[in-house]
1. Hey, can you find the accessible area per residue of the chain for me, probe 1.4 Å, expressed in square angstrom?
2. Count the net charge of all other residues whose Cβ sits under 13 Å from the Cβ of residue 94, scoring Lys and Arg as +1 and Asp and Glu as -1.
3. Which of these, 168, 307, 148, has the largest mean-square fluctuation under a Gaussian network model of the chain (Cα springs below 10 Å)?
4. Semi-axes of the equivalent ellipsoid for the range 57-128, please: Cα gyration tensor eigenvalues, times 5, square-rooted, ordered largest first, whole Å.
5. Quick one: what do you get for the range 82-226 if you divide its Cα Rg by 2.2 N^0.38 Å?
6. Over all alpha-carbon pairs in the range 34-162, figure out the percentage whose distance exceeds 26 Å.
7. If you wrap a convex hull around the alpha carbons of the range 184-326, what volume per residue comes out, as a whole number of Å³?
8. Please report, as a whole percent, how much of the solvent-accessible surface of the range 111-205 comes from carbon and sulfur atoms (probe radius 1.4 Å).
Amino acid sequence: MSELKRILVTGGAGFLGSHLCERLVDAGHDVICLDNFFTSQKNNIHHLLDRPNFELIRHDVTLPIYLEVDQIYNMACPASPVHYQHDPIATTKVSVAGAINMLGMAKRVGARILQASTSEVYGDPDVHPQPESYRGNVNPIGPRACYDEGKRCAETLFSDYHRQHGVDIRIIRIFNTYGPRMHPYDGRVVSNFILQALAGEDITIYGDGSQTRSFCFVDDLVNGIMAMMNNDSGFVGPVNLGNPGEFTIKQLAEMTIELTGSKSKLIHLPLPADDPTQRKPLIDLAQDKLGWEPTIPLAEGLKKTIDYFASLDLDHYRKPTNHTLH
Ligand code: NAD
Ligand code: UDP
């Protein structure tokens, strides 16, 4: 086993953060999960609470905190469009002030720090598929800007702390990821479609459904995140992490209906403003530098996610935002 470390995961109770915490706890590391439960609930980490090498801190990452750790995974940020547009000013603050606080901690204690950036830094891309060298097409004043520009500014801060102070950084750009522990009411396309299909409700396709996304199963992604954090070659990123399989939203709806055996009908609702028309990662850099690529096909990952949602007691979940915000 590699050397045991003290590891901070901000946003550790969220969808991705909880899987990361679980993997790190199972590997024997001393894990601190920091979260203010803005878009998550304790359910995600309930099974970790009595593990002796797991500690939970309820805290807002935009406020200073002093901890001594060896590695920081900076995952805290509302991630679904419905969640991050719920309080857009708070979203920018999480990305920017949160990054400054965590980078300050990394600088003070000499920790390595990884930033969970996003394919949204490419905006509505006019280069397809997207390589890391593409600088993006983001509307700085649109409804997605709080997230896109917040994450872009966080990348700037990480790069400047690296250049100016020699902080040991890693930047990953995560493409759409799905799986168990997504919040059932986050409004993302995978959770929406599965819940609708299981309930026999109409499947809400925004626009004509020809827009594309590439969907990565969470287990694959967590392998990539950890590979990047523990890469000692001097490669700091940014690196795309995602599954290059590209599907239209209509295809995803049809696949969800087929896998659930649902009688739901497809309906069309207006396309939200600035909704990217296509998205697919080039992952040559991840393959080359990390030896990483996803292995779980969409149908297999969707089945696991459907089983998870089917097992949930939805009464135990708060609806943090209006399900039909669009
Ligand atoms: P999530 O909403 O499930 O998790 C985010 C977590 O951060 C939640 O537990 C939330 O309560 C917490 N949080 C939010 N604001 C906070 C604050 N001010 N202080 C402390 N905690 C706070 O979302 P996720 O899908 O797990 O995303 C995790 C990270 O990965 C985010 O930074 C997101 O931008 C990034 N990302 C995710 C995807 C994806 O497809 N899942 C894609 C690109 C990037
Ligand atoms: N979408 C949809 N129906 C829904 C939810 C989302 O058609 O009920 C579409 C959305 O317009 C976008 C795609 O699915 O084109 C992915 O949306 P999501 O919110 O999951 O994340 P995004 O990739 O846009 O950040």
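The values are calculated or read from the model by the stated rules, or taken from the named source; none is laboratory data. Source: prediction; values computed, not measured. Virtual Cβ from ideal backbone geometry, glycine too; neighbours counted across all protein chains shown. For the accessible areas, the whole protein counts, side chains as well, though only heavy atoms, and no ligand, DNA or RNA atoms are used. Shrake-Rupley method; radii C 1.70, N 1.55, O 1.52, S 1.80 Å.
1. Solvent-accessible surface per residue comes out at 42 Å².
2. Net local charge, residue 94 excluded: -2.
3. 307
4. Taking √(5λ) for each Cα gyration eigenvalue gives 25, 16, 9 Å.
5. Output field value: 1.16.
6. Tail of P(r) above 26 Å: 27 percent of Cα pairs.
7. Convex hull volume per residue, Cα atoms: 126 Å³.
8. The computed percentage sits at 46.
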